[in-house]
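To start, the structure under review is shown below, and the notes come after it.
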Amino acid sequence: MRTFGILLLLARTISVLGLGQTPVIAFEPSSGSLRLADSSTPVQILVEESDWKGVIRTANDLAHDFGRVTGLNGTVLHSNATTKSPGVIIAGTIGKSALVDRLLFTLNTTTAIRGQWETYLTTIVQSPLPGIPSALLIAGSDKRGTIFGLYSISEQIGVSPWHFWADVPTKRHSAIYTVPRTNTINGPPSIKYRGIFLNDEAPALSGWVRAKYGTLPNGAAAMNADFYATIFELLLRLRANLLYPAMWDGQFAVDDKRSQARADEYGIVMGTSHTEPMARSTKEWNVRGAGAWNWKSNRARVEPFLKEGAERAKPYETLFTIGMRGSHDTPMSADVETSVLEEIVASERAILKDLNMTGVPQSWCLYKEVQGYYEAGMRVPDDVVLLWADDNWGNIRRLPNAKDNNRTGGAGVYYHFDYVGDPRNYKWINTVILQKTWHQIHLAHAKNARDIWVVNVGDLKPLEIPINHVLDMAYDINRWEADPVPWLTAWADREFGTDEAKDIARIAARFSVLAGQRKFELVEPDTWSVSHYDEADRVMASWKELVDESSEVYKSVQESAKATYFQTIHHPIVAGENFHKTMILAGKNRLHALQGRNYANWLADEVRKAFGRDHILSKQYNELLNGKWSHMMDQTHFGYSSWQQPMRQYTPPLHYVQTLEPGLNGNIRVMAEGSPAVGPMPDDGANNDPKILPQLSPYSQSRRWIEVFSTAIADVSYEIKAEPFVKLSERSGELPVNGEGSSVKVFVDIDWSKLSKTSGNTTITIIGTVDGKNDTTTVHLPYNSAQAPSGTKGAIEADGYISYEPWKLPELLQAKDVEEAASPRYLGISEYGVTLAPSAISTLTEKSAPILSIPFFSFTTYSNSSITVYFAPSLNTDPDNPMAYTVAVDGQTPKRVQIVKDGVKGDLPAGWDKAVTMERWESKNMIPIQPGQHTLKLQLLDAGLVLKKIVVDFGGVKSTGLGPPESKWIA
């Protein structure tokens, strides 16, 4: 793939310590390099006093950061005095630093960055001042341009942006140099305003703030200027510029009178959430407001309240939210009252005009029902940014189309990494799929939503990785490819060093797959099937394998980095594995108790142990570094019964069987793969319940299995008999009354070389003996050894289906006059997904779209054969051109299919809750297919589509969480 290869090549040339930055710093000298500092000589940073306070403050941070690396802090100078230090950095902002203006004029480079947004250059200048033979110059087009330039040096010398918020240690070096020919220009950023929203901050973040900063007189957590300063610094080090402060129990401008000025001094633009207009906090109205938060009935009080917010924010750089929603994040009314909202916007605009603030940035957030107002015809002035929203689950609902792109205000996106609401909250640990973020932000950028990207990050921790990832893309959209592994490798190299970087990146990417299959809060005891495809055990095994891999890396990382690794990588993995173990064992416990298994009791005890371990893991996190992150893992996650978080954690229902009394149906029983999921299953003739395993063929993806278990009140011995061509993992054994050994899983396969006929049905007999009494059960195993003819290609039917996960699709692509498809790895339910390159934003036609030609071979004649295509749960971002694809088999006329039927007035489409729960749309097509070699042809007609899986059903597909496993493939 040319497109894919080019992106990968770019990723491999990027500086490691400075993610997405052209290298400026080295730790070994070379011809033409400049020594900036060593362990005996500090760097000197020259910043004129006339520059922005935020620039001077950042220069002091950089001086301190040099000390973290060399052991000797740098010195910040404010005059042009001659210095004896061999290492000098001159930093300043165009128009604020006369020295920088003169040097840029001398170099004839001023025009390269003048007038640009948040842009900086770095270069070596010769003889900038008397006594200074050369210096590193960092020049910014504006305040944040200079700040980003200074912090880029901090990052490249080895000080992570997460040095405080994830305790990333700094590696010591004896000396720091520039690279030769240091000439770089960085910026302007791809997205103008880029930042985060702290939201739904209880119990974790608010609990941590109370422990570290105390409480306010009103009992709220003291999210004061000192707390927010740590957030401001983090954002600037990540080259972000925007913050929406915590809102539910906080009043940013009221709780600490220093906060607004502190944000402005640092260089952070402050905004407010979609439900908080004109720089006022929700809680301010709750505390000080008079009457209802209702424009129609209480305008006389609401309007002055909004004006006070604008007056208070006037001295500071602010992004004003305009419009109005109802109290406590609710609709303003039951109806679409566009006239009322237009009146509100007109009043807010008049307030800004009266205060001589007409040029300040403003956004109208089209969140939930507000999007319906826009679709009903409401408009705001063209200079207001239309802030489109996702569905709270990472799927953007709407983006600019041809009708919207002539607005001067532009557009942006309000996006979620954390949420409280339907179908359930997800607030515990990271479940963000990095590739999904990549796809959505690239799609938004391609459709000109480039003015604001603000991401709801809940408590901030433990979302360090996705926050860093999205802000890196928002700064430079073209720097990173869809496959997250190169970015993760660079991130891990910065935080942990080169030795473990590749392993950590692979582990983090694999975690994204498993956590992305189903958000933790949505996993139930019956989510993963215990009856079909060995799904539950496969899920558990995948998590266990990841835990083992992470544990090995945890042992190998330096002691100083173990706390960082635990927070960002290891805890999410071990806690995630333990959570799935708890739920899956609870599901088995219910089934096994219904079947009368003694084994159910052992499972119930294991669930209780896992539930207890969850507390231990949370406690371990909270007690890290002598309790630095106390309360950060307080979020409840067990015990959901509705969308809202449980107030106290409790286990899934547990079931015990009585092992002091004999059962009614013998001493030994058998469950066959695929048998009914509930209820006793005696093979005693009365119930006429023959046990039949799914058919085996040479193309089956897995062995079959039976479970032999005890229902006796004494130990049982068992023996299994079968034909010589049947392979069994166990043929005899003992089943104690209690404990893990009271149930055994026996895998069944066939030695095809020993078969005397092509197809048939063989029996497996299980004999259980207790106190000299035998119980006998028979299991039937159908088989078919038929081979596909010579020349067959592609996926091969087995078990009544073909399942295809699209890791080969790019090779099968027949591209036309559009850019080739990208192949993002690790997209949710499987490790791969295929989408059109985001540049293919226009609606494609059957004549122009690339064709995916997928060969397959089928054996079965089935009148109701179907093809189900799994897509990521993307939404129609252009209502005039909904997402669609075409499907056909062989020479059939392609069928055009629209996968998402939008609701009215901005409502979410039918089936949305199931789609986000399962992380996929399932689009089913009834297509008759005869036995033989075929070609399935698909066309994606919109760049919003991400193809994740294809299932051709010949009557054999079983209901499971992930769908049937991938079929075997003949090249």
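None of Q933, Q892 is surrounded by fewer than 16 Cβ atoms within 10 Å (Cβ to Cβ), over 24 Å from the mean Cα position of the chain (by Cα), among the polar types (S, T, N, Q) and part of a loop (DSSP other than H, G, I, E, B) except Q892. Does the stretch 117-130 contain any residue that is out of contact with any Asp or Glu (no Cβ under 9 Å at 6 or more places or on another chain), closer than 25 Å to S79 by Cβ, not assigned by TED's automatic domain parsing to the domain that holds L242 and not in a strand (DSSP E or B)? Yes, the conditions are met somewhere in the stretch 117-130. With closer than 27 Å to T917 by Cβ and modelled with pLDDT under 95 as the only criterion, which of L591, L546 stands out? Result of the check over L591, L546: L591. Among the residues here, T758 qualifies as in the same structural domain as V726 (by TED's automatic domain parsing), modelled with pLDDT under 90 and of a type in the set (V, I, T). Residues in the stretch 353-381 that are acidic (D, E) and at pLDDT below 95 were compared, and the one that is surrounded by the most Cβ atoms within 10 Å (Cβ to Cβ) is E369.
Is it fair to say F305 is among the aromatic types (F, W, Y), within 19 Å of D459 (Cα to Cα) and in a helix (DSSP H, G or I)? It is false that F305 is among the aromatic types (F, W, Y), within 19 Å of D459 (Cα to Cα) and in a helix (DSSP H, G or I). Tallying residues that are touching a helix residue (DSSP H, G or I) at 6+ places or on another chain (Cβ under 8 Å) and assigned to a loop (DSSP other than H, G, I, E, B) within the stretch 232-264 yields 13.
Results for (1) out of contact with any His (no Cβ under 7 Å at 6 or more places or on another chain); (2) crowded, with 18+ Cβ neighbours inside 10 Å; (3) in a strand (DSSP E or B), shown as yes or no for each residue.
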{"site": "E48", "(1), (2), (3)": "no, yes, no"}
{"site": "I56", "(1), (2), (3)": "yes, yes, no"}
{"site": "A59", "(1), (2), (3)": "yes, yes, no"}
{"site": "S79", "(1), (2), (3)": "yes, no, no"}
{"site": "I89", "(1), (2), (3)": "yes, yes, yes"}
{"site": "K96", "(1), (2), (3)": "yes, yes, no"}
{"site": "L103", "(1), (2), (3)": "yes, yes, no"}
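Could you list all residues from the stretch 43-73 that are of a type in the set (S, T, N, Q) and either in contact with a helix residue (DSSP H, G or I) (Cβ under 8 Å, 6 or more places away or on another chain) or within 13 Å of T146 (Cβ to Cβ) (or both)? Hits for the stretch 43-73 are S50, T58, N73. Looking at the stretch 899-916, is at least one residue in contact (Cβ under 8 Å) with a residue 12 or more places away in the chain, in contact with a strand residue (DSSP E or B) (Cβ under 6 Å, 6 or more places away or on another chain) and closer than 30 Å to G791 by Cβ? Scanning the stretch 899-916, I find no residue that is in contact (Cβ under 8 Å) with a residue 12 or more places away in the chain, in contact with a strand residue (DSSP E or B) (Cβ under 6 Å, 6 or more places away or on another chain) and closer than 30 Å to G791 by Cβ, so the answer is no.
Quick check: is even one residue across the stretch 448-469 more than 23 Å from K171 (Cα to Cα), basic (K, R) and either at pLDDT 95 or above or crowded, with 21+ Cβ neighbours inside 10 Å (or both)? Yes.
Is it fair to say T119 is hydroxyl-bearing (S, T, Y) and within 44 Å of the chain's Cα centre (by Cα)? The answer is yes for T119. Only a single criterion out of (1) of a type in the set (V, I, T); (2) modelled with pLDDT under 95; (3) buried (at least 19 other Cβ atoms within 10 Å of the Cβ) is not satisfied by T330, namely (3). Screening D335 with (1) free of Cβ contacts under 8 Å to residues at least 24 places away in the same chain; (2) under 18 Å from T272 (Cα atoms) gives one miss only, at (2). The condition of being out of contact with any Phe, Trp or Tyr (no Cβ under 6 Å at 6 or more places or on another chain) and either buried (at least 22 other Cβ atoms within 10 Å of the Cβ) or not hydroxyl-bearing (S, T, Y) (or both) holds for only one of V539, V547, V513, V557, that being V547. Confirm whether L234 is hydrophobic (A, V, I, L, M, F, W, C), within 11 Å of A263 (Cα to Cα), modelled with pLDDT of 95 or more and out of contact with any Asp or Glu (no Cβ under 9 Å at 6 or more places or on another chain). Considered against the rule, which asks whether it is hydrophobic (A, V, I, L, M, F, W, C), within 11 Å of A263 (Cα to Cα), modelled with pLDDT of 95 or more and out of contact with any Asp or Glu (no Cβ under 9 Å at 6 or more places or on another chain), L234 comes out as no.
The values are calculated or read from the model by the stated rules, or taken from the named source; none is laboratory data. A quick note: this is a predicted structure, and the numbers were derived from the prediction, not measured. So basically every Cβ, Gly included, is an ideal-geometry build from the backbone, and we count neighbours across all protein chains shown.
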